[in-house]
1. Out of all the residues in the stretch 10-25, is one or more in a helix (DSSP H, G or I), surrounded by 15 or more Cβ atoms within 10 Å (Cβ to Cβ) and modelled with pLDDT under 90?
2. Which members of the stretch 46-66 meet the condition of being closer than 16 Å to PHE18 by Cβ and at pLDDT 95 or above?
3. Within the stretch 26-50, count every residue that is in a loop (DSSP other than H, G, I, E, B) and either free of Cβ contacts under 8 Å to residues at least 24 places away in the same chain or surrounded by fewer than 18 Cβ atoms within 10 Å (Cβ to Cβ) (or both).
Amino acid sequence: MGRDGADGMLSIAQAGGFTIAQNKATSVVFGMPKEEIAIGAAKEFLPIEVIATLLIQKNCNNSYLL
């Protein structure tokens, strides 16, 4: 598995963007999230079932940048 997605996420994080990776406990295949977490690209690593709710909350609060 490549890590171009993790590198892209790191660029977003370094630019001040909000980044999330799925946690290991809820991942069927943990390869990409593992890379994102390992290089510090993911600011949050959460269960899949809470990610959508968190994104909606952040959007409603205008607390992230595109």
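The values are calculated or read from the model by the stated rules, or taken from the named source; none is laboratory data. Treat the numbers as computed from the prediction; the structure is a model and nothing was measured. Glycine gets a Cβ as well: all are built from the backbone with ideal geometry, and neighbour counts include every protein chain shown.
1. The answer is no, given that none of the residues of the stretch 10-25 is in a helix (DSSP H, G or I), surrounded by 15 or more Cβ atoms within 10 Å (Cβ to Cβ) and modelled with pLDDT under 90.
2. If the condition is that a residue be closer than 16 Å to PHE18 by Cβ and at pLDDT 95 or above, then LEU46, VAL50, ILE51 are the ones that fit.
3. Looking only at the stretch 26-50, we keep the residues that are in a loop (DSSP other than H, G, I, E, B), and these are 27-30, 39-43, 47.
So of that shortlist, the ones also either free of Cβ contacts under 8 Å to residues at least 24 places away in the same chain or surrounded by fewer than 18 Cβ atoms within 10 Å (Cβ to Cβ) (or both) come out as 27-30, 39-40, 43, 47.
Selection size over the stretch 26-50: 8.
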